[in-house]
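These notes concern the structure reproduced below.
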Amino acid sequence: MINLEDNLKILILEDSEVRVNKFKKKFSEHELFITDNANQAIEYLKEYKFGLICLDHDLGDKQMEWDEDNNGMMVVKYLNEYGTNGAKVVVHSLNTPRAQIMVSIIPDAVFIPFYWLNYDN
(Lines give C-alpha, C1' and ligand atoms only; values in the text may rest on other atoms or scores of the structure.)
Protein backbone atom coordinates (compact mmCIF):
# COMPACT_ATOMS: atom_id res chain seq x y z
CA MET A 1 0.00 0.00 0.00
CA ILE A 2 2.82 2.40 0.94
CA ASN A 3 6.35 1.62 -0.15
CA LEU A 4 8.83 2.79 2.44
CA GLU A 5 12.59 2.98 2.36
CA ASP A 6 14.53 1.29 5.14
CA ASN A 7 15.18 3.07 8.44
CA LEU A 8 12.86 6.04 8.00
CA LYS A 9 11.87 8.46 10.69
CA ILE A 10 8.10 8.26 11.02
CA LEU A 11 5.94 10.78 12.85
CA ILE A 12 2.66 9.42 14.20
CA LEU A 13 -0.03 11.66 15.69
CA GLU A 14 -2.43 9.30 17.45
CA ASP A 15 -4.18 9.16 20.82
CA SER A 16 -5.44 5.57 20.83
CA GLU A 17 -3.12 3.14 22.60
CA VAL A 18 -4.53 0.28 20.49
CA ARG A 19 -3.71 2.10 17.26
CA VAL A 20 -0.30 3.19 18.54
CA ASN A 21 0.54 -0.45 19.24
CA LYS A 22 -0.51 -1.39 15.70
CA PHE A 23 1.68 1.36 14.28
CA LYS A 24 4.60 0.10 16.38
CA LYS A 25 4.10 -3.40 15.02
CA LYS A 26 3.61 -2.27 11.42
CA PHE A 27 6.62 0.05 11.39
CA SER A 28 8.92 -1.81 13.79
CA GLU A 29 11.93 -1.43 11.49
CA HIS A 30 11.73 2.35 11.51
CA GLU A 31 12.45 5.12 14.01
CA LEU A 32 9.08 6.20 15.40
CA PHE A 33 8.15 9.54 16.93
CA ILE A 34 4.71 9.05 18.50
CA THR A 35 2.65 11.72 20.17
CA ASP A 36 -0.97 12.44 21.02
CA ASN A 37 -0.35 16.18 21.02
CA ALA A 38 -0.42 18.36 17.90
CA ASN A 39 1.96 20.94 19.36
CA GLN A 40 4.51 18.20 20.11
CA ALA A 41 4.10 16.87 16.57
CA ILE A 42 4.88 20.33 15.22
CA GLU A 43 7.96 20.53 17.44
CA TYR A 44 9.14 17.18 16.03
CA LEU A 45 8.59 18.53 12.50
CA LYS A 46 10.75 21.54 13.29
CA GLU A 47 13.57 19.34 14.61
CA TYR A 48 13.62 16.25 12.36
CA LYS A 49 13.16 15.26 8.75
CA PHE A 50 10.54 12.52 8.38
CA GLY A 51 9.95 10.09 5.55
CA LEU A 52 6.36 9.45 6.61
CA ILE A 53 3.86 11.49 8.62
CA CYS A 54 0.71 9.72 9.88
CA LEU A 55 -2.03 11.99 11.19
CA ASP A 56 -5.19 11.43 13.15
CA HIS A 57 -7.65 14.32 13.30
CA ASP A 58 -9.53 13.71 16.54
CA LEU A 59 -7.48 13.56 19.72
CA GLY A 60 -8.92 13.03 23.18
CA ASP A 61 -11.90 10.67 22.88
CA LYS A 62 -14.20 12.99 20.98
CA GLN A 63 -14.94 14.08 17.45
CA MET A 64 -13.36 17.50 17.00
CA GLU A 65 -14.11 20.52 14.89
CA TRP A 66 -11.40 21.65 12.48
CA ASP A 67 -10.64 24.81 14.44
CA GLU A 68 -10.25 23.27 17.91
CA ASP A 69 -6.89 23.17 19.62
CA ASN A 70 -4.82 19.98 19.60
CA ASN A 71 -6.06 18.14 16.55
CA GLY A 72 -4.53 16.87 13.33
CA MET A 73 -5.67 19.94 11.43
CA MET A 74 -3.15 22.02 13.40
CA VAL A 75 -0.36 19.87 11.98
CA VAL A 76 -1.82 20.07 8.48
CA LYS A 77 -1.88 23.86 8.70
CA TYR A 78 1.77 23.82 9.77
CA LEU A 79 2.69 21.49 6.88
CA ASN A 80 0.76 23.66 4.45
CA GLU A 81 2.70 26.73 5.55
CA TYR A 82 6.18 25.21 5.92
CA GLY A 83 6.02 22.17 3.61
CA THR A 84 6.39 18.45 4.12
CA ASN A 85 10.14 18.37 3.46
CA GLY A 86 9.57 15.47 1.08
CA ALA A 87 7.64 13.31 3.55
CA LYS A 88 4.68 11.19 2.51
CA VAL A 89 1.60 12.27 4.47
CA VAL A 90 -1.09 9.78 5.42
CA VAL A 91 -4.27 10.83 7.17
CA HIS A 92 -5.72 7.83 8.97
CA SER A 93 -8.50 9.45 11.02
CA LEU A 94 -11.81 7.70 11.56
CA ASN A 95 -13.42 11.15 11.16
CA THR A 96 -13.78 10.84 7.38
CA PRO A 97 -15.17 14.33 6.68
CA ARG A 98 -12.28 16.00 8.55
CA ALA A 99 -9.75 13.58 7.04
CA GLN A 100 -10.87 14.54 3.55
CA ILE A 101 -10.44 18.23 4.37
CA MET A 102 -6.94 17.54 5.73
CA VAL A 103 -5.98 15.66 2.56
CA SER A 104 -7.32 18.45 0.35
CA ILE A 105 -4.95 20.95 1.99
CA ILE A 106 -1.66 19.03 1.60
CA PRO A 107 -0.59 18.21 -1.97
CA ASP A 108 -0.01 14.48 -2.44
CA ALA A 109 -1.41 13.57 0.99
CA VAL A 110 -3.57 10.46 1.06
CA PHE A 111 -6.44 9.28 3.21
CA ILE A 112 -6.12 5.67 4.24
CA PRO A 113 -8.71 4.50 6.75
CA PHE A 114 -7.06 3.11 9.83
CA TYR A 115 -8.11 -0.49 9.23
CA TRP A 116 -5.34 -0.83 6.62
CA LEU A 117 -2.93 -1.55 9.48
CA ASN A 118 -4.67 -4.87 10.02
CA TYR A 119 -3.22 -6.19 6.81
CA ASP A 120 0.24 -7.71 6.58
CA ASN A 121 1.39 -5.95 3.40
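The values are calculated or read from the model by the stated rules, or taken from the named source; none is laboratory data. These figures come from a predicted structure and were not determined experimentally. Quick reminder, even Gly has a Cβ in these numbers, built from the backbone with ideal geometry, and neighbours come from all protein chains shown.
Cβ-Cβ below 6 Å, separation at least six or inter-chain, first residue in the stretch 1-29 and modelled with pLDDT under 85, second part of a loop (DSSP other than H, G, I, E, B) and of a type in the set (Lys, Arg): which pairs?
none
Is there any pair with a first residue in the stretch 48-66 that is within 23 Å of PHE33 (Cα to Cα) and a second that is surrounded by 18 or more Cβ atoms within 10 Å (Cβ to Cβ) and at pLDDT below 55 whose Cβ atoms are under 7 Å apart and which are 6 or more apart or on different chains, and what are they?
Correct list of pairs: HIS57/MET64; ASP58/MET64.
Quick one: would you say LEU59 is under 12 Å from the mean Cα position of the chain (by Cα), of a type outside the set (Val, Ile, Thr) and at pLDDT 90 or above?
no
Among the residues of the stretch 62-86, which ones are at negative phi, over 11 Å from the mean Cα position of the chain (by Cα) and modelled with pLDDT of 90 or more?
Matches in the stretch 62-86: MET74, LYS77, TYR78, LEU79, ASN80, GLU81, TYR82, THR84.
Tally time: how many residues in the stretch 16-40 are of a type in the set (Gly, Ala, Ser) and assigned to a helix (DSSP H, G or I)?
Number satisfying all stated conditions: 1.
Quickly run through the stretch 100-121 and pick out the residues that are at pLDDT 80 or above, in a helix (DSSP H, G or I) and out of contact with any Gly (no Cβ under 8 Å at 6 or more places or on another chain).
Within the stretch 100-121, GLN100, ILE101, VAL103, SER104, ILE105 qualify.
Before we move on, is ASN21 farther than 22 Å from GLY83 by Cα and among the polar types (S, T, N, Q)?
yes
Which of the residues that make up the stretch 28-41 are under 13 Å from LEU79 (Cα atoms) and surrounded by fewer than 19 Cβ atoms within 10 Å (Cβ to Cβ)?
ASN39
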